[in-house]
1. Given the conditions (1) free of Cβ contacts under 8 Å to residues at least 24 places away in the same chain; (2) closer than 30 Å to Leu127 by Cα, and given that Ile102 satisfies all but one, which numbered condition is not satisfied?
2. Quickly run through the stretch 49-69 and pick out the residues that are surrounded by 14 or more Cβ atoms within 10 Å (Cβ to Cβ), of a type in the set (Ser, Thr, Tyr) and within 29 Å of the chain's Cα centre (by Cα).
3. Where residues in the stretch 62-97 are in contact (Cβ under 8 Å) with a residue 24 or more places away in the chain and not polar (S, T, N, Q), which of them is nearest to Asn125 (Cα to Cα)?
4. Just wondering, is there one or more residues in the stretch 89-99 that are in a helix (DSSP H, G or I) and more than 21 Å from the chain's Cα centre (by Cα)?
5. Of the conditions (1) assigned to a helix (DSSP H, G or I); (2) farther than 23 Å from Val20 by Cα, Thr59 satisfies every one except a single condition; which number is it?
6. Phe18: more than 31 Å from the chain's Cα centre (by Cα) and of a type in the set (Phe, Trp, Tyr), yes or no?
7. Within the stretch 45-52, is there a residue that is at pLDDT below 90 and either among the small types (Gly, Ala, Ser) or not in a helix (DSSP H, G or I) (or both)?
Amino acid sequence: MSFWENFWNIVWLFFWSFAVIAYLFALFAVITDLVRDRNLSGWWKAVWIFFLIFVPFVTALVYLIARGTGMAERSLKETRQVKEETDSYIRKVASASPTDEIAKAKALMDDGAITVEEFNHLKNNALGRQTAAGTDTTPTRPAQPTA
């Protein structure tokens with residue numbers, strides 16, 4: 001065997017490896033889409049699976065051509081649904097209401113873990129008021145005139 005025969009055998013091996021892996025990806029995408037599709041009856045799903053087993057390359061190609069648009073729509077719909085559920089969960093877990101934060105701070109103050117000034121600072125942060133250098137920005141009552 002010469003160098004070039006070995007070289008082209010290696011190229012040929014890479015080509016067929018790529019083709020087999022690409023086919024497996026397409027096959028799993030088709031099977032996943034078949035399972036995900038709620039409009040297709042069980043009998044039609046069985047027919048598609050039957051042909052995928054006995055005429056795999058042609059069936060996968062026909063499925064991708066005939067039902068490719070629906071595949072994309074179902075995939076996009078599922079992706080959006082998962083994203084919405086994830087965002088909802090993150091919002092629920094990450095953000096506590098100001099009432100909850102104030103109640104936690106009050107419990108800490110009652111236990112003696114924080115001082116009244118620290119409680120006021122936490123309360124102001126929970127209510128969205130900022131304090132600069134220890135000064136409280138809560139509105140104060142105007143001074144009462146004395147007689």
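The values are calculated or read from the model by the stated rules, or taken from the named source; none is laboratory data. Quick caveat, the model's predicted, so the values are computed rather than measured. FYI the Cβ positions are ideal-geometry reconstructions off the backbone, even for glycines, and counts take in every protein chain you see.
1. Of the numbered conditions (1) free of Cβ contacts under 8 Å to residues at least 24 places away in the same chain; (2) closer than 30 Å to Leu127 by Cα, the odd one out for Ile102 is (1).
2. Within the stretch 49-69, Tyr63 is the sole residue that qualifies.
3. Glu78
4. Scanning the stretch 89-99, I find at least one residue that is in a helix (DSSP H, G or I) and more than 21 Å from the chain's Cα centre (by Cα), so the answer is yes.
5. (2)
6. Working: more than 31 Å from the chain's Cα centre (by Cα): no; of a type in the set (Phe, Trp, Tyr): yes.
Taking the combined requirement at face value, the residue does not satisfy it.
7. The answer is no; no qualifying residue exists.
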